[in-house]
Each structure stands twice: as structure tokens, then as C-alpha cells.
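Here's the structure we're looking at; comments come further down.
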């Protein structure tokens, strides 16, 4: 399977629940060895897509290939899954459960027990190996569940909201384990709400809204595509007097940084040069106005009634299926 | 299907559930307590009715003049009149006395007087003495024996059956029928509870989603049914061993004789096994299917109760089976899959069942078991992710006939398969 470039290929997949269109003609690829982030407001169809990728439910139409072939029973041994709604047997001991789940994924019993033991030590649960899962705190059992996802050294892991409910220390711990997996060649698909995590961790992303793809590409590309011709500055000076500046607005609520929107013929370099050459400008910081993914998320997910043609148009419409019909409502987070 | 994964799931289900307190309670504490109680109860009954060892002197006032033919053994003493007996009771020389009035032979009237405690009846030994005394009034000695035990050596034959029943065979038949019925009922009620609560737990704690990405629904189903079947079998063995120990200790069962009298031919054994296995598979699949379809443990208990009750209906109708094993009701009950295993074993114990009926009943049962397993596997595949929703009858029928029941953000809908 090493020769396969794309770990996941989803082509023209549609899934309806009765009259509700859960996933609408969706296509995307996940490259081997990358961290791929799945974004979108609640009800966008992320979990349905994940469940179709993992063959828990079948698509109505379209094709999905995982690790280079349609999903089979053999595929299950090479895939790890952390469901969004989590839970484990409460009355079973930690080490015992992880060993069992490892063997279900095709590991030998001794191997599974050894690796479970080792991973529990790694996440700081060495003391809890003999504890029943019902006795663990929420954060602890979430770490156990993460171990269950990776114990069998899968080639692909699909994690749905891996950081929800974790404190910053444990978030960092899991994040580093994800990086280690990536370094080891594992492909990671993450459905995630925390935008800063996506910006920090993901190589590429797919944003869905109402079952359809609205953003798709590398994180940098997406941010660039949403960039305006504007700069963010802080310091002192008459910003509006700079040639080519069309408007000056507060870039944060307190007004410590300002956003200078430029006309079409002015580049940020020209603004910087002008300020350097002109007295009375004291610049503490100067940056391109690249929107955060959070801004893009809110813009895309929150602008339903204006349609999302801009977003689609900006991303090579060839790949982006136009929604057949515009759904009337979306539930926002 | 991977046998290895079925084996893993089977092992987990068995080892997990066998350590549960509720299982240990059902398997060990309940039989010990119930044997102890039944032991106490029968001891009590014996001491009240038959065992006169506690009494020093029991007076008999024979106004009817019937005891003259025999000599009364201790502790019985013949007294001349009631006032003497009464005085004896009052001053503690007597523990108890009986009065047979002059009109006893025609009226059957007997009076018993005791001090404080009220015996629940006349002691059996006294009644035996009266019977002996009455028999001496008959001249023919052979008649006396028959009078006391009219039919110790009987044989029963049924029209159309070559089997001859005597007392020991009848007793063995009862043992087989009741033993089988009890075992079936026990394994069904044990497994139904554990199977259902296991599935409901996995739905509630979301293990299901993890399991379904590690194994096939059919592997999960088989692993669970077989694992819990083994658990039920373990329970049966524990009960049987405890029961055997109890009977041997009490000395009320000559184990060797009873076993020798158990007329179980290899053919009958195969049939019993077939009904047992098919019946268990059908009930096991039904219970798992229901477990996946209901939402709360409470609900699952009620449903499993209903199914267990249907399974033991033949016990309720035991007199129909005894009086006419080939009658309409027993025949229907032995065809209906839920009651077939127990009914057919009862019938086979009491009569010769036409082979065609056995074949038909086994075929119906096998088909029902296969259908139940198929339906349960389908419910596992499609119903397990319906968190927080209960599959109604319509939903189950929908799944059975190719529809797909799904949960959308707001409503539950049934969608025809495309």
C-alpha cells in the first residue's frame, strides 16, 4: 500500500437521510502522510463523511477508496478511529480493554498488551493500568481512547474532535503524539473545531457546509486566497495620509492595531517604504492582513444567504461542485 | 467472517460477564439459598407430620374398638377413656392424644388433642397404624397387602406407541422433560439479560462505534451469542452440580438407579441437543436484536421477560401435555418456534411423536433461528448507530424488508433502499 499516493479518495459522494441531504456530491483526497483537517459548522456533514469513509454507513452514490482500495474488512486492521461521541466499557480494566481492542485489530495478544502498557506509560497513565475505566477522569479516559485509536499502528487514523475536553497540558501531549505519528508516516484525518489548532497542525483542509465542500486545499493557500490587499499596523502616525490607503479601520476591538486597506495599485511594500521615508511614523508592528482560519470559517459558514460563490470561485471551481440546491438553513455552532 | 474475531469477542463476553457480581449471585448464591430453604421446609414438614421421635408418649383412645387387631408400638399407648387421656396431657405424661369415636367407621371422625403447638395434620405413622388395624378386619392376607398399596407395579401403554411406562420410566421421563425445560429456561433468562444489557451498554457508552470499525456486525453477534451461551452453560453446570450434591447429601435420590433408568437413546440425545442448540440460537439472536433496538436497559428487561415467559408456556400447560401429548394444543406448541424446544421434549418424554412432526418442527425452528440471526445481524449493521432513538416495530420491519432507518437532525425517517 506504500505506493498509493492518496490515502483516501472520495469521489462524488452523496448521502441522503430521507429528505435531508447530509452530504452533497462531495469529492476530496487525503494525501499519504499528511494531517488533513475536516472543518465545518455543526451539521455540515463531517461525521457522516467520516462514517462513510470508515464504512460504518454506505454512500447513496459515489465512490470512496481507502488505502488504495474500496473499504473491506481487511482495511479495518489498518485504520484507527476516535469517534466524536466517546465511551468505553466502564467495568473493565484499562490495560485489559486496550489489549482486547488491539487484538480485535489483528495484533497478537502479547504484542497488544506490551504496546498498551508502553503507551499508557507514555501518556502518564502508568498508575491507572489496573484501574477500571469507570474510575478514570474524563481527560484520562480520553487519553485511553486515543491509545485505543493508535495501538495497532494504523496507517490511517481518523480522529473526531481529538482535543475536546482536554486541558492544555493533555492537549499538548496528544498533539505531540499526533506529530510523532505523522513523522512515522501515518496519515491523520482530524475533524476539529479549534481553528488555531488547524492552522498550527494541518497540512491541508476541507471545509464543509450543509453537506457540500466550500473550502479545500492547503492551509496556506486557503488563507492566501482570503487575503485582502491590506496591512495591519500598530504604532503612531497618520495612517490615512499614506498614499494608496483607501480606509483605516480598527483591526482589534481595543484599536491597538489598525487595518489599512489599500487600493489596487498599491502594494504593502510601497506602504512600508513610504512610512520609512516619512517622519512622524513610528511603527511597532507591520503585517499582511491574512485572515485567520477562524475569520474565514465565520465568513464562509455565516454568509449563507449571500451564497458562497466567492469561496467556490476562488478555489478552482473545476474541483468544487456547485451545490445543486441551496439549503435553507444551517445550524451554526 | 473471521473465526478468530468471533473467538476474541466470545472470550471477552464470557470472561467479563462471569466476573460480574450479578452473575455470581445468580449462579451460586441463589441455588445455595434455595436448596437451603427447601431443605429447611421439608425438614420442618417431616418433623411435623411423620417424625414422632420428639414425642415421648402419644395416647390413643379407641372408642371405636378397631385397634384390637394390632399391637401399638411406642410412643403410642392405648388408653381406656378420654378423661384419663386429658389428665395425662395436663400433667405432662402425654404429649398428644387421639380419639377415635364410636362412630369412627361410618363417620371417619378423628380428634387430636395437644398442649400448645398446633400440628398441621395427623402424623403419618398414626394413619398407617389405623390402616393396618382396619386391614386386620379383612380375612384375605393378599387383599390386606393390596389394600395398603393398590398398584405398586403398574405399566402404561399408549395407543400407537410401543413404549411401555412403569413407575421408574415415568419418573425418568419427568426428570428428562423437566431437566431440559429448566436448563433451557435458565440459559435463556441468563443470556437474555446479559446479552441485552451488554448490547444496550455498548450503545450507551458508544463502544459500538469502535467495535464496528474493528469487526463485522455478524462477528460481534456470533461472538456475543456463543460467549453468553457458554456462560449460560456454565451456570447450568454449577446449578446441576449443586443440585446433585444437595440430593446426595439429603439422601432423597438414589443417583445410580435414577441414571440407570434414564432411558435416553443416542437418537433422543441428538434430538434434545438439536432443540437445545437451535432454540438457544433463536432466543439469543432475538434478545440481541431487541437489545440493539431498544434504548434503555429497563425496556430491554421487560421485553426479555415477555420472551422468557413465552418460552416456558409449555410448563404452564403441563397437564395438556400429560393427558394428551399428541393433542392439538401440544402439537401446535411444538410447531410454534418460541415454544417448540420445550414442547417437543415434553411430548417425546410422554409419548411417541410421529417422525414427520419432529422433522417439521425442527425445520420451522431452524428456519426461525436462521431468520432471527439474519435479522439481528441486520439490526446490528443498521440500528446500532441510532443513538437516543428507539426502533419501533415499524423500524424493525423496515430494516427487515430492506428499508433503512436513519436519524436526521430532527426526525426519524424510513427510507426505501435504492
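The values are calculated or read from the model by the stated rules, or taken from the named source; none is laboratory data. From a predicted model like this one, the values you see are computed outputs, not experimental measurements. With ideal geometry, Cβ positions are generated from the backbone for all residues, glycine too; neighbour counts draw on all protein chains shown.
Just for the range B:2-21: of the residues that are in a helix (DSSP H, G or I) and under 28 Å from the mean Cα position of the chain (by Cα), which one is farthest from residue A:112 (Cα to Cα)? Outline the logic, then answer.
If we filter the range B:2-21 for residues that are in a helix (DSSP H, G or I), which is where we start, we get B:3-18, B:21.
Then drop every residue that is not under 28 Å from the mean Cα position of the chain (by Cα), which leaves B:10, B:13-18, B:21.
Numbers: B:10: 18, B:13: 19, B:14: 20, B:15: 18, B:16: 18, B:17: 22, B:18: 23, B:21: 28 Å.
Ranking the qualifying residues of the range B:2-21, first place goes to B:21.
Quick check: anything in the range A:146-154 over 28 Å from residue A:68 (Cα atoms) and touching a residue at least 12 places away in the same chain (Cβ under 8 Å)?
Of the range A:146-154, the ones over 28 Å from residue A:68 (Cα atoms) are none.
No, the conditions are met nowhere in the range A:146-154.
Going residue by residue through the range A:72-79, is there one that turns out to be within 7 Å of chain B (Cβ to nearest Cβ) and more than 30 Å from residue A:166 (Cα to Cα)?
yes
Within the range A:116-129, is even one residue within 14 Å of another protein chain (Cβ to nearest Cβ) and either at negative phi or in contact with a strand residue (DSSP E or B) (Cβ under 7 Å, 6 or more places away or on another chain) (or both)? Break it down into steps so the answer makes sense when it comes.
Initial filter on the range A:116-129 (within 14 Å of another protein chain (Cβ to nearest Cβ)): none.
Scanning the range A:116-129, I find no residue that is within 14 Å of another protein chain (Cβ to nearest Cβ) and either at negative phi or in contact with a strand residue (DSSP E or B) (Cβ under 7 Å, 6 or more places away or on another chain) (or both), so the answer is no.
Please determine, by comparing only the residues of the range A:233-243 that are within 21 Å of residue A:291 (Cα to Cα) and surrounded by fewer than 17 Cβ atoms within 10 Å (Cβ to Cβ), which one is farthest from the chain's Cα centre (by Cα).
Looking only at the range A:233-243, we keep the residues that are within 21 Å of residue A:291 (Cα to Cα), and these are A:233-235, A:239.
Now restrict to residues that are surrounded by fewer than 17 Cβ atoms within 10 Å (Cβ to Cβ): A:234-235.
Details: A:234: 31, A:235: 35 Å.
Only one residue tops the list, namely A:235.
Filter the range A:159-170 down to the residues that are buried (at least 17 other Cβ atoms within 10 Å of the Cβ) and out of contact with any helix residue (DSSP H, G or I) (no Cβ under 8 Å at 6 or more places or on another chain) and list them by number. Walk me through it before giving the result.
Filtering the range A:159-170 for residues buried (at least 17 other Cβ atoms within 10 Å of the Cβ) gives A:159-163, A:166, A:170.
Scanning the range A:159-170 gives a single hit, A:161.
Please specify each residue of the range A:30-65 satisfying the condition of being away from chain B (no Cβ under 14 Å), free of Cβ contacts under 8 Å to residues at least 60 places away in the same chain and surrounded by fewer than 18 Cβ atoms within 10 Å (Cβ to Cβ).
Across the range A:30-65, the qualifying residue is only A:63.
Residue by residue through the range A:1-21, note down the ones that are buried (at least 23 other Cβ atoms within 10 Å of the Cβ) and either at pLDDT below 90 or more than 21 Å from the chain's Cα centre (by Cα) (or both).
A:15
Which numbered condition trips up residue A:181, out of (1) surrounded by fewer than 21 Cβ atoms within 10 Å (Cβ to Cβ); (2) within 14 Å of chain B (Cβ to nearest Cβ); (3) within 17 Å of residue A:197 (Cβ to Cβ)?
That leaves (2) as the condition not met.
Out of the residues in the range B:62-83 meeting the condition of being surrounded by 15 or more Cβ atoms within 10 Å (Cβ to Cβ) and outside any strand (DSSP E or B), tell me which one is modelled with the highest pLDDT.
Initial filter on the range B:62-83 (surrounded by 15 or more Cβ atoms within 10 Å (Cβ to Cβ)): B:62, B:64, B:66-67, B:72, B:75-77, B:79, B:82.
In the following step, the residues that additionally are outside any strand (DSSP E or B) were identified as B:64, B:66-67, B:72, B:75, B:82.
Numbers: B:64: 84, B:66: 83, B:67: 83, B:72: 82, B:75: 80, B:82: 87.
Among them, the one singled out is B:82.
Taking into account only those residues within the range B:2-14 that are within 9 Å of chain A (Cβ to nearest Cβ) and surrounded by fewer than 19 Cβ atoms within 10 Å (Cβ to Cβ), which is farthest from residue B:230 (Cα to Cα)?
Step one: list which residues in the range B:2-14 are within 9 Å of chain A (Cβ to nearest Cβ), which gives B:2, B:4-5, B:8-9, B:11-12.
Right, trim to surrounded by fewer than 19 Cβ atoms within 10 Å (Cβ to Cβ) and you get B:2, B:4, B:11.
Numbers: B:2: 19, B:4: 17, B:11: 10 Å.
So the residue we want is B:2.
Just one of (1) within 28 Å of residue B:33 (Cβ to Cβ); (2) buried (at least 20 other Cβ atoms within 10 Å of the Cβ); (3) at pLDDT below 85 trips up residue B:208, so point out which.
Of (1) within 28 Å of residue B:33 (Cβ to Cβ); (2) buried (at least 20 other Cβ atoms within 10 Å of the Cβ); (3) at pLDDT below 85, only one is false for residue B:208: (1).
So which residues in the range B:323-337 are buried (at least 20 other Cβ atoms within 10 Å of the Cβ) and assigned to a loop (DSSP other than H, G, I, E, B)?
B:325, B:337, listed by residue number.
I'd like to check which strands (runs of 3 or more DSSP E) are fully inside the range A:200-242 and have at least 3 residues that are more than 22 Å from residue A:32 (Cβ to Cβ) and free of Cβ contacts under 8 Å to residues at least 60 places away in the same chain. Even if it seems obvious, please write down each step before you answer.
Details: elements: A:204-209, A:212-218, A:230-236.
Counting at least 3 such residues, we get A:230-236.
Pick from A:105, A:114, A:130: which is more than 25 Å from the chain's Cα centre (by Cα) and at pLDDT 95 or above? Don't jump to the end; show me each part of the working.
Numbers: A:105 fails: at pLDDT 95 or above; A:130 fails: at pLDDT 95 or above.
Testing whether each residue is more than 25 Å from the chain's Cα centre (by Cα) and at pLDDT 95 or above leaves just A:114.
Could you please find all residues in the range A:80-112 being crowded, with 19+ Cβ neighbours inside 10 Å, more than 7 Å from chain B (Cβ to nearest Cβ) and more than 22 Å from residue A:130 (Cβ to Cβ)?
Hits for the range A:80-112 are A:80, A:82.
Yes/no matrix, rows are residues, columns are (1) surrounded by fewer than 18 Cβ atoms within 10 Å (Cβ to Cβ); (2) at pLDDT below 85; (3) under 18 Å from residue B:182 (Cα atoms):
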position: B:250; (1), (2), (3): yes, yes, no
position: B:300; (1), (2), (3): no, yes, no
position: B:339; (1), (2), (3): no, no, yes
position: B:348; (1), (2), (3): no, yes, yes
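Give me the residue from the range A:1-29 that is in a loop (DSSP other than H, G, I, E, B) and within 14 Å of another protein chain (Cβ to nearest Cβ) and, out of that set, nearest to residue A:55 (Cα to Cα).
So the first thing to find is which residues in the range A:1-29 are in a loop (DSSP other than H, G, I, E, B), and the list is A:1-5, A:18-19.
Keeping just the survivors that are within 14 Å of another protein chain (Cβ to nearest Cβ) gives A:18-19.
On the way: A:18: 19, A:19: 22 Å.
Looking at the filtered set, the residue picked out is A:18.
Just one of the numbered conditions (1) under 18 Å from residue B:372 (Cβ atoms); (2) at pLDDT 80 or above is not true of residue B:294; which one?
It fails just one condition, (2).
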